[in-house]
Structures are given as C-alpha cells and as structure tokens.
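Laboratory data are not the source of any read-out in this text; all were calculated from the coordinates shown. Given the structure is predicted, the values throughout are model-derived calculations rather than measurements. Backbone-built Cβ (ideal geometry, glycine too); neighbour counts: all protein chains shown.
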Ligand code: SF4
Ligand code: SF4
C-alpha cells in the first residue's frame, strides 16, 4: 500500500511537492470554485438522528456558546486539514478564531432582506429547509441561533501579500483554497455532530441553496452572507473595500452556521457599519484604494464588478506560479492600516 502511494505521489507531484498540470488535475480547486459560484458538488447533508438511533447522545444543553468557541478553536489549531501544502507544507493556515453569536429571532435578519435582498435567508428559513429534508417540524426562530466565526490569517500570509503589487502571493492563494476547504470541512463536522445528537443544524454555504447570482441592486451576492452575519454578531465593521475590519484586522476569512439552539450574543454590534474605517472616521487613509491594481476601490466605495473581473482573471497566474486551481487577490486588505487590527478610534456609533 505504502509503495503504491509513493508511486502515485511521484506521478502527481514534483520534487517541491507541487501538483503537476494543476490546471487539469486540481479537481478539488475546480469543484470549490464552481461550487461556490453555482451551489454544486457539495457532499450529502447528514441525517438527523432521532429517538433510539441516537444511542448515548450528548445532552443538547451542552451545545452552548462556550462549547462552540472551544470546538472551533481546537479544530483551527489541530485539524489535519488546517495546514498549507507543497513547499509550505505543515504551516498553519489560520490563527485562533474569534467567535460570535446571534439569536435566530434577531430583527436584523428581516433588515437583511431589505439591505441585501429578499433572497437572503433568515436562520429559521434555512433551518426549515433542513427540517423538511428530515421530515421534522421546523423550529420557531426563537429556538434557533447562528454561530459566526473569524479566521485571522497568519503574519506570514499577511506580510507575503503586503509585498505583492499586482497579483496575490502563494500563501494567500493557498489560504483562499485550502483555508476555505478546511473551513467547510470544519463546519460540516460540527453540523454532523449536532445532527447525530438530534439537534438540527445547517451550514448554508455547503448546501445546494448557496448559488451566487448577480442582483440588480447589489450586484454579485449569495443567499447567505458570512460577512453580514459577522457584523451582526459584533465581530467587525466594513471597510472601504467591503472587507470586515475585526479586532484581528480585515486579512481574514469568515464563516457561520445555523443551529436549533437558542444562543446569546457575546459582543456588541456597531450600529455604524463603517465605524472602524479611518476614511469613514474622516481621517486620511484610502490605502486600500492605492493598493488596488484596477482602481476597484475609490472614495465612492467598492466596484464589485471590476473587482470580480480582476479576481477571476488571476486563475491562470495562480496555476502557473502556485500550481493550484483557485482565484483571489486581497491586495486591498494587506499593507493597509486595518490589515491586522482596528486602526484609530472607532467612531462614536452606538454598539448595541
Ligand atoms: S485601508 Fe483605510 S480606508 Fe481602506 S478600509 Fe482600511 S482603514 Fe478604511
Ligand atoms: S480584492 Fe483586489 S481587485 Fe478587488 S478591490 Fe481588492 S485589490 Fe482591488
């Protein structure tokens, strides 16, 4: 077996550990890219365990805020998929996560339907989809909650990308692909654990419901926004480039999932959605605009279409240089004052 594996690895990878012909052979990258855009290729949802099938099930009361914070932190630190590959093999992708919570009946979810669009799910709606699949009644919104988390990028990744002026760095590209795959695996494992213990749960971005579309009012958007969840959970506010500025900065990835458990917020939400951005505080900055190679950030805001075109066009560059199939950029979130902290003093906007 070991011999076969060694022969297979010699065929698939070169001496540096890079995948050969990655434009054709990095199937997980292709699946990830297409899946994200079209809601395709996601693995089957776990089934809800009921009654006798649950055996020695865990007490649902255990699934509280502390449980989720500890579990996410442990997985980010120790999960075998939370590391880079090739010449960067073994390096951690993320620093310890920040974790926040939302009540499922928070009125902000109805506001999201106005701000983002009517296509954006409430936690109760997406959980009702999971309930229907399992032929159980959908829980009321008051019995649901959202776990939102921030995965800060490492200093190595941030400083590599900060040195780039045209295209993303290798560490950034690996984080974009492997970090997202890890994040999805981590959430799927947690959802499976919950469902196996009789608690309905769903990761909206790992279901067929998650397909990005162009909407007339907001441009490219998905029916579940991790960044808006993170803002609502008090984890950060938006910068000029639309990245979320958290206490660990805006060089991060974020995720969220929904559970049939009432959860209590542990942070205060800023009513001012730009409270932590220097430009919005009336201070001189716009470093993010200066970093963008296609002028997709200006003092008028973020041009999502121009950004999308640039990001999509990086696929060949990443393939040739880094031997994985993914696109990305992130230049406007590195080499800027909000890269790894909340710069300046947040504006007075109330945090509620
Ligand atoms: S670089 Fe400056 S202007 Fe741009 S988001 Fe960060 S703080 Fe705001
Ligand atoms: S991600 Fe890249 S293309 Fe998009 S706004 Fe930022 S720097 Fe510009």
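Taking only Cα atoms of the range 77-157, what ratio of Rg to Rh do you get with Rh as the Kirkwood inverse-distance radius? Please list the in-between numbers first.
Details: Rg = 17.9 Å, Rh = 15.6 Å.
Rounded to two decimals, Rg/Rh equals 1.15.
Kirkwood analysis of the range 8-154, using all unique Cα-Cα pairs, places the hydrodynamic radius at 19.3 Å.
Computing FRET efficiency as 1/(1 + (r/R0)^6) for residue 115 and residue 13, where r is the C-beta to C-beta distance and R0 is 35 Å, gives about 0.15. Neighbour counting of Cβ atoms within 10 Å sorts the residues 222, 183, fewest neighbours leading, into 222, 183. Relative intensity of the range 54-107 on a log10 scale, I(q)/I(0) at q = 0.17, 0.18, 0.22 Å⁻¹, equals -0.73, -0.76, -0.89, per a Debye sum over C-alpha point scatterers of equal strength in the absence of solvent.
Using a Gaussian network model of the chain in which every pair of alpha carbons under 10 angstrom is joined by a spring, one finds that among 70, 241, 130 the greatest mean-square fluctuation is at 70.
Ranked by Cβ crowding within 10 angstrom, fewest neighbours first, how are 231, 224, 167 ordered? Display every interim value, and only then the final one.
Values: 231 23, 224 26, 167 19.
Lowest to highest Cβ neighbour count: 167, 231, 224.
Look at where the Cα atoms of the range 242-298 and of the range 146-178 average out, and the two centres are 15 Å apart.
Going by neighbour counts of Cβ atoms within 10 Å, the residues 1, 58 line up, fewest first, as 1, 58. Among 150, 190, 93, which one moves the most in a GNM of the chain with springs linking Cα atoms closer than 10 Å? Answer for the Gaussian network model of the chain: 190. Springs join every pair of Cα atoms under 10 Å in this Gaussian network model of the chain, and among 234, 117, 179 the largest mean-square fluctuation is at 117. Across the range 296-348, Cα-Cα distances exceeding 14 Å account for 66% of all pairs.
Hey, what D do you get for the chain in µm²/s if you plug the Kirkwood alpha-carbon radius into Stokes-Einstein at 25 °C and 0.890 mPa s? Mind dumping the intermediate values first?
Numbers: Rh = 21.2 Å.
After rounding, the answer is 116 µm²/s.
Contact order for the chain, expressed relative to its length and based on alpha carbon pairs under 8 Å spaced 6+ residues apart, stands at 23 percent. Just so you know, the Cα atoms of the range 260-346 work out to an Rg and Dmax of 16.8, 48 Å. Evaluated on the range 214-304, the Kirkwood hydrodynamic radius is 14.6 Å, with distances taken between all distinct Cα atoms.
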